[in-house]
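The values are calculated or read from the model by the stated rules, or taken from the named source; none is laboratory data. Please read these numbers as outputs of a predicted model, since none were measured by experiment. Here the Cβ positions follow ideal geometry from the backbone for every residue, glycine too, while neighbour counts run over all protein chains shown. Calculation scope for accessible area: heavy atoms of the full protein, side chains included, ligands and nucleic acids excluded. Shrake-Rupley method; radii C 1.70, N 1.55, O 1.52, S 1.80 Å.
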Amino acid sequence: MLHYIYGNDLHLFPRLRDTMFRDRADQFKRRLGWDVHVNEAGEERDEYDAINPLYVIWEMPDGTHGGSMRFLPTTGDTMVNDHFSHLTDGVRIESPFIWECTRFCLAPGADRRVTAALTLGAGEIMEEFHLKHFVGVFDARMERIYSLMGLVPDVLGRVGEGREAIGVGLWEMREDVFAPTLERAGIDRATSKQWFHAAFDQSFVEELRAIA
C-alpha cells in the first residue's frame, strides 16, 4: 500500500524508514555511483531529509520499503534552487503551486507496479493540494522511466550528453494519465483516495488548499 508520511513522523514507521534509506544508499551510491553520503548505518540521507519533507512510500507485504519519492514546496529550500540553478540560467523555481520531487527510489526487485503506484501518489498530491507542477532534476535513465509512465517533462535546462546528461524539468499529472496508471498499479481510484485521506487530517488538507 501507499503511505504519505512527513519526515517528522517517520519514527512511527521504523522498518519502512530504515529500509527506505538503505535502499536509497544501494540505488544512488552503489548502483548509480552518485556522489552521495552514506552513514555508518548504511543509509543515504541528505540535508533535505532534515527539513520535514513529505514522502510517498510503497510498503511491501513484509513491511519494508518497495519504492519512494520525496516532496518539498519550492517556497522553501529545494535541491533544484540550491544546487542546480545553473541549469535554469539562475532563475529560481518558486511558487506555492510547484513542489519539488526528488529521490525517486525503487527497492531491488521492485516491479513496474511499484513505479505506477508512486506515480499515482504524486498525482494524488498534485490534485489534492491543487498543485500545477512538480519540478525535479533528472538523468537520462529517469527521463526514460518518466516517459514510460506518460510523464514527459517540460525541460527547463540540460547539461551533458547521452547517459551523462542532467536536466531540470517540470511535470504535470494530467487527468488522462490516471486511468492507465491505475491499471498498471492494479489499484482502483477509490483505494488510492482512501490511502491518501487516511494519511492526512482533513483540516490540514483544507488549510493547504486555502493557501494555494
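Here are some notes:
- Some residue of the stretch 17-26 being part of a helix (DSSP H, G or I), farther than 18 Å from Asp139 by Cβ, open to solvent by 10 Å² or more (accessible area, probe 1.4 Å) and of a type in the set (Val, Ile, Thr): yes
- Some residue of the stretch 124-134 being open to solvent by 60 Å² or more (accessible area, probe 1.4 Å), within 23 Å of Leu87 (Cα to Cα), basic (Lys, Arg) and at pLDDT below 85: no
- Residue within the stretch 25-47 that is in contact (Cβ under 8 Å) with a residue 12 or more places away in the chain, more than 22 Å from Ile145 (Cβ to Cβ) and under 15 Å from the mean Cα position of the chain (by Cα) present: yes
- Residue that is most open to solvent (accessible area, probe 1.4 Å) [pool: residues in the stretch 27-51 that are assigned to a loop (DSSP other than H, G, I, E, B) and farther than 24 Å from Asp77 by Cα]: Glu40
- Trp58 part of a strand (DSSP E or B), in contact with a Phe, Trp or Tyr (Cβ under 9 Å, 6 or more places away or on another chain) and hydrophobic (A, V, I, L, M, F, W, C): no
- Residue that is surrounded by the most Cβ atoms within 10 Å (Cβ to Cβ), among those in the stretch 165-182 that are over 22 Å from Thr78 (Cβ atoms) and in contact with a helix residue (DSSP H, G or I) (Cβ under 8 Å, 6 or more places away or on another chain): Thr181
- Every residue from the stretch 155-173 that is charged (D, E, K, R) and under 17 Å from the mean Cα position of the chain (by Cα): Glu172
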